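To keep things clear, I will list the structure first and then write my remarks on it.
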Amino acid sequence: MDYAGEFSTAECFKTVDALVRVSRPLIILTGGEPLMRDDIFAIAGYAAQNGCRVVLATCGHLLSPQTVEKLKTSGVLAVSVSLDAATPQAHDEFRGVAGAYEKTMEGIECLKAAGMPFQINTTVSKLNVNELPRILEKAIAMGAATMDFFFLVPAGRGAELADLALAADARDEALRWIAEQERGAPLRIKTTCAPQYRHFRQADDQGRPLPPFRGCMGGRGFVFISHIGELQPCGFLDLPCGNLRSADFDFVRLYEESEVFKQMRKLDPFGECPARIYAQTGELMAKSNSSPGRLL
């Protein structure tokens, strides 16, 4: 891939400085593959030393006992690993890499051995929607702290998989099943790119309320920062909202003045995923006959 213009270590530090001037955020180091950066441990350490909570998202292939120990020493609190099927063949086919499943499982074993909390990320599609119970069982058996079901958005690299995205009725059926599992699961269960999930959640088996669900957080406290400093509502909604490098790292100004962020804050956070609507229509706001100007 072309990483021309990628932020230097110093610019990553400046980004952390810009963020901590307004909060002590949760920083998710993601990619691509963040472990391909030689300075990722320095960046994580700088953010942690400045009061940020730091986690890392990876495919798991570059995890080793030494790498995990460096992550822990740098202050990384948890790691998420992608697992998109319950069987080696299906996972490898979805990832397009022979041996991907084996490498991912080896990476998870390294996390377990080091006592590093980990999360399993699964991209929900037509290929694996019937496998979700087996994937969840595997995550529980491995000792995952969290299970996050990512609903496929046909944008970016996912554009080539548009025909694998679930139809609305199948998506709702999957969300209903996930909500049932959340009520009594021995690990935390989350969804991503499925703001409608709120409509399916109930109290747990003991009648206790579930953790808060905020729906789509794009522009409402969540910001994606690309490798060249472009701000976006999320990694799946490729709408530029200002560049940190060009703005002399004035994060607050970009966050407050971006017209895209302003529009995001007007949308129903529990309606359709804005990234999915944009991928399908080319518009952030989609009109319907019944509700002009509202998000579908």
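Read-outs: derived from the displayed coordinates by stated rules, not from any lab. Given the structure is predicted, the values throughout are model-derived calculations rather than measurements. Here the Cβ is made from the backbone with ideal geometry for all residues, glycine too, and neighbour counts use every protein chain on show.
How fast does the range 9-271 diffuse by Stokes-Einstein, in µm²/s, taking the Kirkwood radius from C-alpha pairs at 25 °C and 0.890 mPa s? This corresponds to a translational diffusion coefficient of 126 µm²/s. Other residues lying with their Cβ under 13 Å from the Cβ of Val260 contribute a combined charge of -2, Lys and Arg counting +1, Asp and Glu -1.
Each residue of the range 257-262 was assigned a 3J(HN,Hα) from its phi angle through the Karplus curve 6.51 cos²θ - 1.76 cosθ + 1.60 (θ = phi - 60°); the sequence is 9, 4, 5, 5, 4, 4 Hz, with glycine and proline shown as x. Extending 7 Å from the Cα toward the beta-carbon at both Gln66 and Ala145 defines two label points whose distance is 2.6 nm. Highest GNM mean-square fluctuation among Val124, Val153, Val223, for the chain modelled with Cα contacts below 10 Å: Val223. Which whole-number percent gives the relative contact order of the range 101-237, counting Cα pairs below 8 Å spaced six or more residues apart? This gives 19 percent for the range 101-237.
Can you tell me the relative contact order of the chain? Whole percent, Cα pairs under 8 Å, sequence separation 6 or more. Here the relative contact order equals 12 percent.
Tally the DSSP beta bridges in the chain and give the antiparallel ones as a percent, rounded to 5. Here the share of antiparallel DSSP bridges comes out near 15 percent.
Spin-label model, Ile228/Lys126: points 7 Å from Cα along the beta carbon direction are separated by 3.4 nm. Here, the range 41-98 yields an orientationally averaged convex hull projection of 4.6 nm² when only Cα atoms define the hull. Which shape class applies to the range 95-237: rounded if a/c is under 1.5, otherwise prolate when a/b exceeds b/c and oblate if not, where a ≥ b ≥ c are the square roots of the Cα gyration tensor eigenvalues? Note, shape of the range 95-237 comes out rounded. Take the Cα of Glu180, go 7 Å toward its beta carbon, and the backbone nitrogen atoms of the range 73-93 under 20 Å from that spot belong to 86. Going by neighbour counts of Cβ atoms within 10 Å, the residues Thr192, Thr104, Thr281 line up, fewest first, as Thr281, Thr192, Thr104.
Each residue of the range 113-118 was assigned a 3J(HN,Hα) from its phi angle through the Karplus curve 6.51 cos²θ - 1.76 cosθ + 1.60 (θ = phi - 60°); the sequence is 4, 8, x, 8, x, 9 Hz, with glycine and proline shown as x. Sorting Ser226, Ser23, Ser80 from the fewest to the most surrounding beta carbons within 10 angstrom yields Ser23, Ser226, Ser80.
Here the extension length gained between Arg188 and Glu6 equals 62.1 nm, from 0.36 nm per residue of separation less the Cα-Cα distance. Going from the fewest other Cβ atoms within 10 Å to the most, the residues Glu182, Glu173 appear in the order Glu173, Glu182. Subtracting the Cα-Cα distance of Ala98 and Glu173 from 0.36 nm times their residue separation leaves 23.9 nm of extension gain. Applying the Karplus relation 6.51 cos²θ - 1.76 cosθ + 1.60 with θ = phi - 60° to the range 217-229 yields 3J(HN,Hα) values of 9, x, x, 10, x, 10, 9, 9, 10, 6, 5, 10, x Hz, where x marks Gly and Pro. When shorter helices are ignored and each DSSP H run of at least 4 residues is given -39500 (n - 2.57), the per-residue value for the chain at 222 nm works out to -10000 deg cm²/dmol. Across the cross-link table entries Lys72/Lys112; Lys103/Lys126; Lys112/Lys190; Lys70/Lys112, which are compared at the Cα atoms, the separations over 19 Å belong to Lys103/Lys126; Lys112/Lys190. Suppose R0 equals 45 Å; then what is the FRET efficiency for Met217 and Gln89 from their Cβ-Cβ distance, rounded to the nearest 0.05? Rounded to the nearest 0.05, the efficiency is 0.80. Close amide-amide hydrogen proximity is noted between Arg53 and Leu26, Ile27, each under 5 Å apart and 5 or more residues distant or on a separate chain (H modeled in the peptide plane; Pro and chain starts excluded).
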